[in-house]
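First up is the structure itself, then whatever we jot down about it.
The values are calculated or read from the model by the stated rules, or taken from the named source; none is laboratory data. Worth saying up front: this structure is predicted, and the values here are computed from it rather than measured. Note: ideal-geometry Cβ built from the backbone for every residue, glycine included; neighbour counts use all protein chains shown.
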Amino acid sequence: MAHAEAASPLPVGTRHAVSGEGRRPPYHPPDTACRVPTALLLAVLVWPAVAAAAGDAARGRVVFAIAGGCGCHTTSDGPVAAGGRELKTPFGTFYAPNITPDPDTGIGRWSDAEIITAIRAGETRSGRVEAPVMPYYQYAGMSDGDVQDLVAYLRTLAPVRRANRPAEVRIPFAHLAYRAWRLLFAARVNPAAAAPTDPLARGRYLADHVAICTDCHTPRDRFGAPDTGLYLAGTETGPDGDPVPNITPDRATGIGKWTENDIVQLLQTGMKRDMDNVQGLMGEVVDGVGGGPGYAQVPESELRSIAKYLRTVPPVRHQVGGD
Ligand code: HEC
């Protein structure tokens, strides 16, 4: 993957948004009625261009980077987004699917609307509800503009032929269970057409719905739903079984002593306040996985919004790990 445009200055979600999932701008033929054949011809020629213009792939790359490079979909040796990565949970082992544009094993035949429904509503093209290992309930709040740009970027990835591996789950009637789970626990978030621009609101939006800091840093209850009382307060058993620290501003057990700059530096470089480097999953979302982009490629203004927001969340005293 080329890193040439890595430092893209384009802020995410500030372009004008198209409302409605995957709806495309209508094609307006010239208004003289007798030009119908010309209009038809034009429509045929122009339509693919209009369809392809639904999202902006360059901005989508920034959304992808803010989403930690959608790292769950990439094994450490790549290729980016080709799936196959093993995700162990208390409910069984899942293998993230191939989300490259390969027509047979990836999402090459899916329409934009179908991909957006999978990302935000956790429902695949065949009508199956995804297991909540896929954090669709967080992406549910991703704005129309951002999700469309993200889809446009996914379509630019190199198609990789790699068949999906079925999950090994320990739940009876798993797909019905996922449907019930969605009904019970997936908040009905109504995504905005455009992402917020005010720094604090934007930081919250990015942390909760795009970078999903929330998903790793908030413990889950026994139903696998985020424990809202411990929002961002860390967990002994993160997505890969390792501890994830408390990042609320609690001074004793969280990151209350970190400045805004400390947080920005961590997101840009992976270096903690004590000059140690983050490891494991946090290292992955910062650096990206398999050569793809991560937080390190995100414009500083976006990371600063996240840092500003983090310093305003309610401090929760919750000790994770021995130190
Ligand atoms: C895929 C899971 C995952 C995601 C997503 C994630 N983190 Fe982390 N984060 C971790 C893990 C695991 C660690 C512990 C790393 C270590 O100790 O080396 C960590 C460490 C940190 C630390 C260091 C805290 C300390 O006390 O050392 C901060 C700050 C942090 N994350 C902030 C964030 C922010 C902000 C976001 C969203 C922009 C985020 N994280 C998204 C898993 C994640």
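Of all residues in segment 119-133, which are assigned to a helix (DSSP H, G or I) and buried (at least 21 other Cβ atoms within 10 Å of the Cβ)?
Answer for segment 119-133, where residues must be assigned to a helix (DSSP H, G or I) and buried (at least 21 other Cβ atoms within 10 Å of the Cβ): 119, 120.
Collect the residues in segment 276-311 that are out of contact with any Gly (no Cβ under 8 Å at 6 or more places or on another chain) and farther than 30 Å from residue 157 by Cα, keeping them in residue-number order.
Selection gives 276, 311.
Within segment 210-230, how many residues turn out to be under 17 Å from residue 312 (Cα atoms) and not aliphatic (A, V, I, L, M)?
Summing the residues that are under 17 Å from residue 312 (Cα atoms) and not aliphatic (A, V, I, L, M) in segment 210-230 gives 6.
Only one of (1) in contact with a strand residue (DSSP E or B) (Cβ under 7 Å, 6 or more places away or on another chain); (2) within 19 Å of residue 285 (Cβ to Cβ) fails for residue 170. Which number is that?
(2)
Only residues in segment 293-314 that are in contact (Cβ under 8 Å) with a residue 60 or more places away in the chain and under 10 Å from residue 202 (Cα atoms) count as the first member; pair them with residues that are basic (Lys, Arg) and within 12 Å of the ligand (Cβ to nearest atom), Cβ under 8 angstrom, at least 6 apart or cross-chain, and list the lot.
Partner pairs satisfying both residue conditions: 309/204.
Of all residues in segment 203-224 being acidic (Asp, Glu) and assigned to a helix (DSSP H, G or I), which is surrounded by the fewest Cβ atoms within 10 Å (Cβ to Cβ)?
215
Taking the stated definitions as given, is residue 313 at pLDDT 95 or above and more than 10 Å from the ligand (Cβ to nearest atom)? So that I can check it myself, show each step before the final result.
Details: at pLDDT 95 or above: yes; more than 10 Å from the ligand (Cβ to nearest atom): yes.
Here the answer is yes, as residue 313 does meet what is asked.
Given (1) closer than 18 Å to residue 132 by Cβ; (2) touching a residue at least 60 places away in the same chain (Cβ under 8 Å), identify the lone condition not met by residue 193.
Looking at each condition in turn, residue 193 falls short on (1).
So which pairs qualify, if the first residue must be in segment 205-219 and among the hydroxyl-bearing types (Ser, Thr, Tyr), the second must be within 6 Å of the ligand (Cβ to nearest atom), the Cβ gap must be under 7 Å, and the two must be at least 6 apart or on different chains?
Hits for this filter: 214/207.
Conditions tested, residue by residue: (1) under 30 Å from residue 171 (Cα atoms); (2) among the hydroxyl-bearing types (Ser, Thr, Tyr).
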{"residue": "228", "(1), (2)": "yes, yes"}
{"residue": "248", "(1), (2)": "no, yes"}
{"residue": "253", "(1), (2)": "no, yes"}
{"residue": "287", "(1), (2)": "no, no"}
{"residue": "291", "(1), (2)": "no, no"}
{"residue": "317", "(1), (2)": "no, no"}
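Looking at segment 230-323, what helices (runs of 4 or more DSSP H) fall wholly within it and have at least 1 residues that are within 26 Å of residue 77 (Cβ to Cβ)?
So the answer is 260-269, 280-287.
When only residues in segment 251-292 that are within 30 Å of residue 160 (Cα to Cα) and small (Gly, Ala, Ser) count, which is farthest from the ligand (Cβ to nearest atom)?
That would be 291.
Identify all residues within segment 220-236 that are within 19 Å of the chain's Cα centre (by Cα) and either at pLDDT 95 or above or aromatic (Phe, Trp, Tyr) (or both); write none if there are none.
Passing the criteria: 231, 232.
Criterion first (of a type outside the set (Lys, Arg), closer than 22 Å to residue 198 by Cα and more than 10 Å from the ligand (Cβ to nearest atom)) does residue 302 satisfy it?
Considered against the rule, which asks whether it is of a type outside the set (Lys, Arg), closer than 22 Å to residue 198 by Cα and more than 10 Å from the ligand (Cβ to nearest atom), residue 302 comes out as no.
Taking the condition of being away from the ligand (no atom under 12 Å from the Cβ) and crowded, with 20+ Cβ neighbours inside 10 Å, how many residues in segment 226-250 meet it? Full working, then the answer.
Kept after step one, since they are away from the ligand (no atom under 12 Å from the Cβ), are these residues of segment 226-250: 226-231.
From what's left, crowded, with 20+ Cβ neighbours inside 10 Å: 226.
Looking only at that region, the number is 1.
Just one of the numbered conditions (1) within 17 Å of residue 63 (Cβ to Cβ); (2) hydrophobic (A, V, I, L, M, F, W, C); (3) in contact with a Ser or Thr (Cβ under 7 Å, 6 or more places away or on another chain) is not true of residue 163; which one?
Every condition holds for residue 163 apart from (1).
Can you name the residue in segment 260-300 that is polar (S, T, N, Q) and surrounded by fewer than 20 Cβ atoms within 10 Å (Cβ to Cβ) and is also nearest to the chain's Cα centre (by Cα) among such residues? Please lay out each step first, then the result.
Of the residues in segment 260-300, the ones polar (S, T, N, Q) are 261, 265, 268-269, 277, 279, 297.
If we keep only those that are surrounded by fewer than 20 Cβ atoms within 10 Å (Cβ to Cβ) as well, we get 261, 265, 268-269, 277, 279.
Values: 261: 24, 265: 21, 268: 18, 269: 20, 277: 23, 279: 20 Å.
Going through the qualifying residues, I end up with 268.
Condition check: buried (at least 17 other Cβ atoms within 10 Å of the Cβ) and either among the aromatic types (Phe, Trp, Tyr) or over 20 Å from residue 214 (Cβ atoms) (or both). Does residue 151 satisfy that?
Yes.
Polar (S, T, N, Q), more than 8 Å from the ligand (Cβ to nearest atom), modelled with pLDDT of 95 or more and closer than 26 Å to residue 82 by Cβ: is that true of residue 297 in this structure?
So residue 297 fits the description; yes.
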